[in-house]
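The values are calculated or read from the model by the stated rules, or taken from the named source; none is laboratory data. Computed from a predicted structure; not experimentally measured. Every residue, glycine among them, receives a Cβ derived from its backbone with ideal geometry; neighbour counts consider all protein chains shown. Side chains are part of the model used for accessible areas, which takes the heavy atoms of the whole protein and leaves out ligands, DNA and RNA. Shrake-Rupley method; radii C 1.70, N 1.55, O 1.52, S 1.80 Å.
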Amino acid sequence: MNILGKITSIVAPEPGGNGNGGHGDHHQGSSDHQPSLSLSSLSRPPPLHSSGFPEQRIVELNLPVSSVAPAAVANYRPVVITGNLAYVSGQIARDDTGGVITGRMQTESDVAAGVAGARACAIATLSALKGTLGDLNRVVRLVKASVFVNSSSDFTAHPKVADGFSDVMVEVFGESGKGARAAVGAILPLQSVVEVESIWEVS
């Protein structure tokens, strides 16, 4: 489906899918150094906020997280764990039927569609982690997310699009879901609107 024509149902919840192992050629980027996203250290974070642990939060937020990691579509592993770090391969944006959410960011008016695509990548990332770890309560913190936005050379709102991914992680993990981040422009596989790869500390 083309996300510029229709934003899928994977949008921000009311208050109260899947991976490609690599990303395409980068043509433009902007490192995201917003103060709210920076890390003072990579030490073990304080406990999650009182609203609950990740598995409970997913139920409360009604997020469609699968217990099966997205299958690799080429010669790579969706998740690799070494020591206490989990490396999650690039997750592209897919809708609730498994179709790729396509589109290319060109102007500020496209940002909302990009945010929805980034949220879809967040759901796929959570599914990859859950399918590999068995329990998202094993996640200690998000270390870093690299967000690749399918965009024209003059598009500059990559950080706003990337917030779609980051916001989900904070909703699920609290401050532990706020990691270092980069948001860059790219030409992406299957014309996906967004792709996100990430690194996690796990127990």
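Annotations
- Only one of the listed residues (Thr97, Thr102, Thr132) is under 19 Å from Ser203 (Cα atoms) and hydroxyl-bearing (Ser, Thr, Tyr). That residue is Thr132.
- Any hit, the range 165-172, residues being open to solvent by 10 Å² or more (accessible area, probe 1.4 Å), within 22 Å of Pro64 (Cα to Cα) and in a strand (DSSP E or B): no
- Counting only strands (runs of 3 or more DSSP E) wholly contained in the range 1-114, the ones carrying 3 or more residues that are modelled with pLDDT under 90 occupy 26-31.
- Test: residue in the range 114-128 that is open to solvent by 40 Å² or more (accessible area, probe 1.4 Å) and in contact with a strand residue (DSSP E or B) (Cβ under 6 Å, 6 or more places away or on another chain): no
- Condition met for Ser152 (over 15 Å from the mean Cα position of the chain (by Cα) and under 20 Å from Ile187 (Cβ atoms)): yes
- Checked against the criterion of being within 17 Å of Arg104 (Cβ to Cβ) and either modelled with pLDDT of 95 or more or open to solvent by 10 Å² or more (accessible area, probe 1.4 Å) (or both), the range 174-182 contains not a single residue that satisfies it.
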